[in-house]
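Nothing in this text is a laboratory measurement; each read-out follows from the coordinates by a stated rule. None of these values were measured; they are calculated from a predicted model. With ideal geometry, Cβ positions are generated from the backbone for all residues, glycine too; neighbour counts draw on all protein chains shown.
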Amino acid sequence: MPVIHCVFFKYRPEVAEAQIASVVPAFAKLQQDCELSNGERYIAELKCGDGNTSPEGHGKGFHHAYILTFADQAHLDYYNETDPAHQAFKKFVQPLLADVFVYDFSPLPAAAATASA
């Protein structure tokens with residue numbers, strides 16, 4: 001079952017705009033750099049966004065959003081715990097961040113999603 005991995009970044013106030021601007025392309029590059037031990041790329045989809053466009057006012061000061069899709073929990077676990085490219089990215093970005101919010105879920109079947117709405 002697919003797993004959706006949502007990540008939101010809030011940067012430290014002292015971080016320069018040039019540093020912030022370097023994060024989106026570095027994160028986007030993970031889709032091509034993250035590989036299983038057999039060389040297979042395993043991030044099915046990756047979307048990036050900056051600047052919350054919601055008029056609802058619930059962005060809580062987060063600057064960037066990233067939505068990744070994995071084929072299953074095993075691929076997400078490998079990404080989080082083992083993948084060298086992701087580990088290197090985390091070392092790069094962590095000093096820039098004031099806060100991170102992560103939310104993972106498996107999509108509900110359409111009928112269940114409609115019933116719970």
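Data for the structure
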{"item": "Cα gyration tensor, the stretch 1-116 - rounded (a/c under 1.5), prolate or oblate", "result": "oblate"}
{"item": "Neighbour cut-off at most 10 other Cβ (10 Å), DSSP loop, trypsin sites (Lys or Arg not before Pro), the stretch 31-109", "result": "K60"}
{"item": "Under 13 Å, Cβ to Cβ, from V3 - net charge with Lys/Arg +1 and Asp/Glu -1", "result": "-4"}
{"item": "Percent RCO, i.e. relative contact order, over the chain, from Cα pairs under 8 Å lying at least 6 residues apart", "result": "45 percent"}
{"item": "For the chain, with +1 on Lys and Arg beta carbons and -1 on Asp and Glu, the positive-most of V24, A85, Y11 along the dipole", "result": "Y11"}
{"item": "Spatially near lysine pairs across the stretch 3-116, Cα under 19 Å, sequence gap of 8 or more or different chains", "result": "8"}
{"item": "Under 12 Å, Cβ to Cβ, from G61 - net charge with Lys/Arg +1 and Asp/Glu -1", "result": "+2"}
{"item": "Student exercise, the stretch 3-116 dipole from Lys, Arg, Asp, Glu Cβ charges, in Debye to nearest 20", "result": "260 debye"}
{"item": "Rounded to whole Hz, the Karplus (6.51, -1.76, 1.60) HN-Hα couplings of the stretch 63-70, x for glycine and proline", "result": "9, 10, 10, 9, 10, 10, 10, 10"}
{"item": "Neighbour-count order for T82, T69, fewest beta carbons within 10 angstrom listed first", "result": "T82, T69"}
{"item": "Environment charge of F101, counting only residues whose C-beta is closer than 9 Å and scoring Lys/Arg +1, Asp/Glu -1", "result": "+1"}
{"item": "Length released on extending from I4 to K60, taking residue separation times 0.36 nm less the Cα-Cα span", "result": "18.1 nm"}
{"item": "For V102, V3, order by how many other beta-carbon atoms lie within 10 Å, fewest first", "result": "V102, V3"}
